[in-house]
Amino acid sequence: MRKEEKAQIIDQVAAQLSETPNFYVTDISGLNAENTTALRRACFEKEIKLMVVKNTLFIKALEKIEGEAVEAIKPIMEGSSAIMFTTTPNTPAKLIKEYGEKMGKPVLKGAYVQDCAYIGAENLEVLVNIKSREELIGDIIGLLQSPARNVISALQASAGGKVAGLVKTLSEKE
């Protein structure tokens, strides 16, 4: 591979890293063509970009991004590696877990999610349980609605008749 081609790949990967800040480093070696195609199709459906890049080129692309957590990713870049880029932090973890149980691969080497590095396959469950932005917004809306729901349910319950009676009595006294 010529130097210009390598520089172009490094720039392309660096652009992808700046565009989608969450990425997972996995090992997909040993998958046959059918399983690899199924994995790529699942990644496409879940809006995950799966890219196989030489480790040295990926490390050089990582060097363009600053941060201590990114430095933690560099040592795991050995052997066969595939990179999963995503905007939703937990989707690749769920996919890795699902396909890992079926086929034994992909295996999580590490991940860089929400400005934190997770090294090793033992962190897969932690990554699966990370909530996405939409899930967090849903939780916040649920928390904001719960006091109003409590008041409404109290008014509709048997005590609600007493409260309505008190309000009626107070309004008649004026």
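Listed values, structure above:
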quantity	calculated
Residue check for Asn22: within 19 Å of Gly120 (Cβ to Cβ), open to solvent by less than 50 Å² (accessible area, probe 1.4 Å) and out of contact with any Leu (no Cβ under 9 Å at 6 or more places or on another chain)	yes
Failed condition for Tyr99, given (1) without any contact (Cβ under 8 Å) to a residue 40 or more places away in the chain; (2) in a helix (DSSP H, G or I); (3) open to solvent by less than 60 Å² (accessible area, probe 1.4 Å)	(1)
Where a residue in segment 72-84 is exposed (fewer than 15 other Cβ atoms within 10 Å of the Cβ) and its partner, wherever it lies, is assigned to a strand (DSSP E or B), with Cβ under 6 Å and at least six apart	Ser80/Asp27
The lone exception for Lys64 - which of (1) closer than 19 Å to Thr20 by Cα; (2) modelled with pLDDT of 85 or more; (3) basic (Lys, Arg) it fails	(2)
Selected residue (only one of Leu127, Leu166 is at pLDDT below 70 and surrounded by 10 or more Cβ atoms within 10 Å (Cβ to Cβ))	Leu166
Residues of segment 41-96 satisfying the condition of being outside any helix (DSSP H, G or I), under 21 Å from Gln8 (Cβ atoms) and small (Gly, Ala, Ser)	Ser81, Ala82
Every residue from segment 102-117 that is part of a strand (DSSP E or B) and either charged (D, E, K, R) or farther than 23 Å from Glu71 by Cα (or both)	Lys109
Every pair of residues 6+ apart whose Cβ atoms lie under 6 Å, when the first sits in segment 1-27 and is touching a residue at least 12 places away in the same chain (Cβ under 8 Å) while the second is surrounded by fewer than 18 Cβ atoms within 10 Å (Cβ to Cβ) and of a type in the set (Ser, Thr, Tyr)	Thr20/Thr87; Asp27/Ser80
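The values are calculated or read from the model by the stated rules, or taken from the named source; none is laboratory data. All figures in this text were calculated on a predicted structure; none of them were measured in a lab. Don't worry about glycine lacking a Cβ; one is built from the backbone with ideal geometry, like all the others, and counts go over all protein chains shown. Note: areas computed on protein heavy atoms with side chains; ligands, DNA, RNA excluded. Shrake-Rupley method; radii C 1.70, N 1.55, O 1.52, S 1.80 Å.
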